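None of the figures in this text is laboratory data; all of them are computed from the coordinates on show. All of these numbers come straight from a predicted model, not from anything done at the bench. Please note: Cβ atoms are built from the backbone with ideal geometry, for glycine as well, and neighbour counts cover all protein chains shown.
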Amino acid sequence: MLPVHLIAGARPNFMKIAPIVRAMQQRGLPFRIIHTGQHYDRDMNEVFFEELGIPQPDVFMGAGGGSHGEQTARIMVAYEKCIAEDRPSMTLVVGDVNSTLACAIVAKKAHLPVAHVEAGLRSGDRDMPEEINRLVTDSISDLFFVTEPSGIEHLRREGKSDAAVHYVGHVMVDNLLYQVGQLRHADSSVLEGAELKTRFPR
């Protein structure tokens, strides 16, 4: 079975794909985590991924900053090469950053199915770069994973088939519940120390 490419470009994206990674691991489904490097965070070390319960990225593309056009172009070029070397069964993108848009376009032109998590979110403000990314990504995606009811209505208005739209709830809430579960198993002395620091900061 070919892997699903899970695209992440910034630190919040990893929090969004973490519940997806854990679910795929539990079901034995193959995946590869693709870090575009849109935002590079030195603090995103092994501890960060351990706390999320996910492995380190399989690919780091190192796209870096620049203008929207420069950044999007670098990500597209890098992901096109990534697909050629490691053809996935599907590309799954999250959120509304430039990596979301860039990888969705490349995958679609490579005739791969595209899934969008947090699909259907709309601000109505097309001066926002994120709004353009949402609109374009949803216009070419095949599967839409929606985090709130308004997203379903937006996608229906845009002509999306109900069969392709899945109301799955919010991945960040999934992360919160996961962390609560981790805290229940944490060393009580660590938790007590953290509580004391909160009450009596230096």
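Over the residues of the chain, the helix contribution to mean residue ellipticity at 222 nm works out to -15500 deg cm²/dmol, using -39500 (n - 2.57) for each DSSP H run of at least 4.
In the stretch 67-176, the C-alpha radius of gyration followed by the widest Cα-Cα span (Dmax) gives 13.8, 38 angstrom.
For the stretch 68-129, the calculated P(r) over all alpha carbon pairs, in 5 Å bins from 0 to the bin holding the longest distance, is 4, 18, 27, 23, 17, 8, 3, 1 percent.
Where does the charge balance sit around Pro30 when Lys and Arg score +1, Asp and Glu -1, over other residues with C-beta under 15 Å from its C-beta?
Working: positive: Arg22, Arg27, Arg32, Arg87; negative: Asp58, Asp86.
Counting the neighbours of Pro30, the net charge comes to +2.
Quote the FRET efficiency, to the nearest 0.05, computed for Val47 versus Glu70 with a Förster distance R0 of 25 Å and r equal to the Cβ-Cβ distance.
Details: r = 32 Å, r/R0 = 1.26.
Efficiency for this residue pair is about 0.20.
About its Cα centre, what dipole magnitude does the stretch 40-175 give when the only charges are +1 on Lys and Arg Cβ and -1 on Asp and Glu Cβ, stated in debye to the nearest 20? Don't jump to the answer; show the numbers that get you there.
Numbers: 12 positive and 23 negative charges, 129 e Å.
In debye, rounded to 20, the stretch 40-175 gives about 620.
Label zone (Leu2, point 7 Å along Cα-to-C-beta; backbone nitrogen cut-off 14 Å) within the stretch 16-38: 30-32. A P(r) calculated from all alpha carbon pairs of the chain, with 5 Å bins opening at zero, reads 1, 7, 15, 18, 19, 16, 10, 6, 4, 3, 1, 0 percent. Just want to confirm a number: the relative contact order over the stretch 88-145, from Cα pairs under 8 angstrom separated by 6+ residues, in percent. Normalised by residue count, the contact order of the stretch 88-145 is 41 percent.
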